[in-house]
Every structure is written in C-alpha cells, then in structure tokens.
Amino acid sequence: MYKLDTKNIKKGMLFYLPFLLMGLLFFAVFGWLAFGGMITKAKLDGKIKATKIDTNCNTNSDGEYMCSPIYYYNVDGEEYECRVSFSSNIEVSGKQNMVYYDTKKPDSCVTDYTASPAWYMYLFSLFPLIFVFVGAKGIWGVKKKLDDIKKLSRYGKLIKGLKYTLEDTGISVNGVNIVAPAVDYTMSNGTVIHLIGDPRHDRKVLDEDGFVDLLIDEMNPDNYFIDFEIK
C-alpha cells in the first residue's frame, strides 16, 4: 500500500468552500426578500384594507429614487401603521393595498408590498444557487477524488521519475494562476495517454530530482495520481 500525500488535493476544498458559503448566504438574503413576506403573511390570521398609504419615497445620497411605504390601518377603532423594512425603487401599486396582521397583536403585520414583491426578486433569489452548485459540485469532486486515491493506493501501478510539463488549470487565486503537472504515459498495450494531475493549490511546481511519479490503475486509466514523490 502506497502512502499518498493528499494535502494539496484537500486544499482544493478550500477553493470551492467560499462559493458554497457565499451562495448560501446570498440565497438566504435574497430568498427572504422574495419569500419572507409570503411566509410571514401565511402566519397571520387578520386581513384589512389600508386606510392610507404613505409611499415614503425620497432621493438618497446616491441620487436614487427609493421608497419605503408606510401603511395605515384600523383595528377595533385604533389606528396602526405597518412599515416596509426595506427600500425599493418601485412605488406601491393600486392593488397592493392590503395589510395582514395578527388578530391577537394587531401591530404585528406585513403589507401587500412586502408579501408580493416584484417578479425579478424571485430571479435574484435563484441566482445565488449558481454559486451553491459550483461550490457543492467542486467539493463533491474533491471528495470523490480522495475516495478514488484511497482505492488507488492499494492496487495502483507506480511509475517513478517521469518527465512532466505544467499546464494552466484556468484557476486563479489572489491573482496567481494555478498549474497542474502533466505527463505522457505509455501503457502496457502501447497506447500513449496524456494525463493531467491535480491543480497545485500548494503552488509546488518542482522538487529535488525534477521529475514526478505516477500511480495509475491501468484497468481504469481515468483513476490516477501524479505527485512529486510517491512512496
């Protein structure tokens, strides 16, 4: 059984993890803006038409025209106000005139403006899922690679001292391009295959002897591992 150093491969998870976390964070934020009002509305048992709506629109310091509507409504002869907690460049439409409230606590409310956001808010809430997909797919790929290497360490064929080249992976971290070692290997049947190793997230591109080692499953040549020193 060969002892393989997988630290460099595990660093690949650190590359994809921010995509996953950032995607989940923005999905939570935009998802709440898109669906939070609907969720809150479903929990409230009272409904009434607003007596007055203050559009509360102003031009902010950036020159943007933004609105944070305030709804006024009466319950049991007492007036309440329901404020929209965010700002938008969309004014209240004539159809967004309802207030939903808790009959036991009438000042607990949500407005039609919040519960029925613009259609593009739903698209914004789905956009972060692209980052979630990229992050999750990348992490899953690294995990699968580690599982394959674990199997390979038991029955793989080791070839020492191969000449190699460095190929660009298309990955850049802090402005530094990440490369991967690549070799041309002649299999037992005489077929020459081009193999590209894992991205060197540790940025190691050379060792003392100037060669790389290859561990490969010739029955499944897609399963291989290239490193500077395999023992």
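The numbers here are math on the coordinates, done by the rules we state, and not lab data. Computed from a prediction, not measured in an experiment: that's the story for all the values here. Cβ atoms come from the backbone with ideal geometry, glycine included; neighbour counts cover every protein chain shown.
Kirkwood Rh and Cα-based Rg: tell me the resulting Rg over Rh for the range 132-231, rounded to two decimals.
Rounded to two decimals, Rg/Rh equals 0.97.
For n ≥ 4 DSSP H runs only, could you compute -39500 (n - 2.57) per run for the chain, divide by its residues and tell me the 222 nm figure to the nearest 500?
It comes out at -11500 deg cm²/dmol, rounded to the nearest 500.
Take residue 76 and residue 218, extend 7 Å from each Cα along the Cα→Cβ direction, and tell me the distance between the two endpoints in nm.
Rounded to a tenth, the inter-label distance reads 8.6 nm.
Using Cα-Cα distances under 8 Å and only pairs 6 or more residues apart, what relative contact order does the chain have, in percent?
After rounding, I find 22 percent.
Using the scaling law 2.2 N^0.38 Å as the reference, what is the normalised Cα Rg of the chain?
Ratio of Rg to 2.2 N^0.38 Å for the chain: 1.68.
Across bins of 10 angstrom width beginning at 0, how are the C-alpha pair distances of the range 11-112 distributed, in whole percent?
Distribution as computed: 14, 35, 27, 15, 7, 2, 0 percent.
Could you give the nm distance between label points at residue 38 and residue 166, where each point is 7 Å from its Cα heading toward the beta carbon?
5.1 nm
What angle, in degrees between 0 and 90 and rounded to the nearest 10, separates the Cα long axis of helix 7-43 from the longest principal axis of the Cα atoms of the chain?
20 degrees
Angle check, please: helix 128-155 long axis (alpha carbons) against the longest principal axis of the chain (alpha carbons), in degrees 0 to 90, nearest 10.
30 degrees
What Kirkwood hydrodynamic radius do you get for the range 23-76 when you take the inverse of the mean 1/r over all pairs of distinct Cα atoms, in Å?
The answer is 14.0 Å.
Cβ neighbours within 10 Å, averaged per peptide: list 65-71, 140-146 in order, most packed at the top.
Per-residue Cβ counts within 10 Å, averaged per peptide and sorted highest first, yield 65-71, 140-146.
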